[in-house]
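Following: one structure in structure tokens, then a few remarks.
The values are calculated or read from the model by the stated rules, or taken from the named source; none is laboratory data. Here the structure is a predicted model, which is why all the values come from computation and not from measurement. A quick note on method: Cβ atoms are made from the backbone with ideal geometry, for glycine too, and the neighbour counts reach across all protein chains shown.
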Amino acid sequence: MNRGISRRFFQSAPDKSNLSLEAASGSDADRRLFRQQRILPVCSMDRVMISVRGLGMRLESGGRPVDVLTGVSLEVPARQFLAVAGPSGSGKSTLLGLIAGLDQPTTGRIVVNGVELTGLGEDALARFRGDTIGYVFQSFHLIPTLTALENVAVPLELAADPDALERAQALLREVGLEERAHHYPVQLSGGEQQRVAVARAVARRPTLLLADEPTGNLDSATGKQIIDLLVALNHNLGSTLVLVTHDPALAALADRMITLRDGRIVSDETGNGGAA
Ligand SMILES: Nc1ncnc2c1ncn2[C@@H]1O[C@H](COP(=O)(O)OP(=O)(O)OP(=O)(O)O)[C@@H](O)[C@H]1O
Ligand SMILES: [Mg+2]
């Protein structure tokens, strides 16, 4: 089921239950990142990470209701790299936000990592997000009063990591922003802010990484660096990766691609072109 790089990686790995990034055949950046990470949590390829059933989202726009998502059903196995494509306004960001529990759907059911999100209270949802999800927002959502370093350290500090600042610094190095650590978001370019947002999202090695056009503002060299980072998390640490992208080259790295149009899934293809 896993294709491309991921298949090559797993074929070359003697023991899937005990991998480290250093043992992986990725780039130098892959190997440096999370160098303290030794053990991969054991997780079955058959486990379902995301189960979405009959999802509908109706919002008010200009005083009238608009169906932003209609009848969306989707099952994503743990460890899958899923690309989400579709024209502007087709509902990609809305779907990601619902999977992260940032919004409640109008209809339908969402279960993520065994937790039913629909009906959970705000506190429980916040805990679920902190423990399970890394999110790269399309518009970055950095905290304007914190420096780049502090923004990346926030999730680590919330998790009471005693080495939060050191680890945040190492993550900024991985995204090529060591020199910008003490700059505030307003002092950073769009692409630099995007890289800070990616570093923050991956800081806790999330079980599920949701990335909304994470390379949209990046030149191809920097974009590749970010993709290497996300793919390393997916392949080597076993994070499930759901990535919204308009870039066909990036989508081609994925195990599977769904396409949304007018709030509905209109195609669902595996990496080798067959139906999922
Ligand atoms: N809070 C809101 N209130 C009303 N309409 C909304 C709201 N948020 C999104 N929409 C509408 O829902 C539709 C889907 O928006 P969404 O942001 O999910 O699209 P998208 O596929 O991510 O687009 P893009 O590629 O431009 O980011 C759009 O028509 C948008 O105008
Ligand atoms: Mg969007």
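Could you go through the stretch 168-178 and let me know if any residue there is away from ligand 1 (no atom under 16 Å from the Cβ), modelled with pLDDT under 95 and of a type in the set (Lys, Arg). Looking through the stretch 168-178, none of the residues is away from ligand 1 (no atom under 16 Å from the Cβ), modelled with pLDDT under 95 and of a type in the set (Lys, Arg).
Can we say residue 120 is over 22 Å from residue 252 (Cβ atoms), within 16 Å of ligand 2 (Cβ to nearest atom) and in a loop (DSSP other than H, G, I, E, B)?
No, not satisfied.
Listed conditions (1) surrounded by fewer than 19 Cβ atoms within 10 Å (Cβ to Cβ); (2) among the small types (Gly, Ala, Ser); (3) within 16 Å of ligand 2 (Cβ to nearest atom) are all met by residue 71, apart from (3). For the stretch 50-68, a residue qualifies if it is among the polar types (S, T, N, Q) and either surrounded by 15 or more Cβ atoms within 10 Å (Cβ to Cβ) or within 22 Å of the chain's Cα centre (by Cα) (or both), and exactly one does: 51. Selection within the stretch 74-106: residues that are more than 16 Å from ligand 2 (Cβ to nearest atom) and part of a loop (DSSP other than H, G, I, E, B). The member of this set that is nearest to residue 125 (Cα to Cα) is 101.
For the stretch 85-99, a residue qualifies if it is farther than 16 Å from residue 268 by Cβ and near ligand 1 (Cβ under 6 Å from one of its atoms), and the qualifying residues are 88, 89, 93, 94. Looking across the stretch 212-242, just one residue is within 16 Å of ligand 2 (Cβ to nearest atom) and touching a Phe, Trp or Tyr at 6+ places or on another chain (Cβ under 7 Å), and that is 212. Within the stretch 68-94, the residues that satisfy the criterion of being under 18 Å from residue 236 (Cα atoms) and either acidic (Asp, Glu) or in contact with a Cys (Cβ under 8 Å, 6 or more places away or on another chain) (or both) are 78, 79. Whenever a residue of the stretch 196-222 is without any contact (Cβ under 8 Å) to a residue 60 or more places away in the chain and more than 19 Å from residue 101 (Cβ to Cβ), its partners that are of a type in the set (A, V, I, L, M) and within 16 Å of ligand 2 (Cβ to nearest atom), lying with C-beta atoms within less than 7 angstrom and at least six residues away or across chains, give the pairs 215/250.
Taking the stretch 233-249 as the range and being more than 12 Å from the chain's Cα centre (by Cα) and buried (at least 21 other Cβ atoms within 10 Å of the Cβ) as the test, the residues that pass are 235, 236, 237. Look at (1) over 15 Å from residue 262 (Cβ atoms); (2) near ligand 1 (Cβ under 9 Å from one of its atoms); (3) in a strand (DSSP E or B) and you find that residue 69 fails only one, number (1).
Contact annotation: residue pairs with Cβ atoms under 6 Å, 6 or more positions apart or on different chains, pairing a residue in the stretch 71-89 that is of a type in the set (D, E, K, R) with a partner that is in a strand (DSSP E or B), are 75/48; 75/51; 79/240. Note on the stretch 150-162: residues that are at pLDDT 95 or above, in contact with a helix residue (DSSP H, G or I) (Cβ under 8 Å, 6 or more places away or on another chain) and either within 15 Å of residue 223 (Cα to Cα) or surrounded by fewer than 18 Cβ atoms within 10 Å (Cβ to Cβ) (or both) amount to 3.
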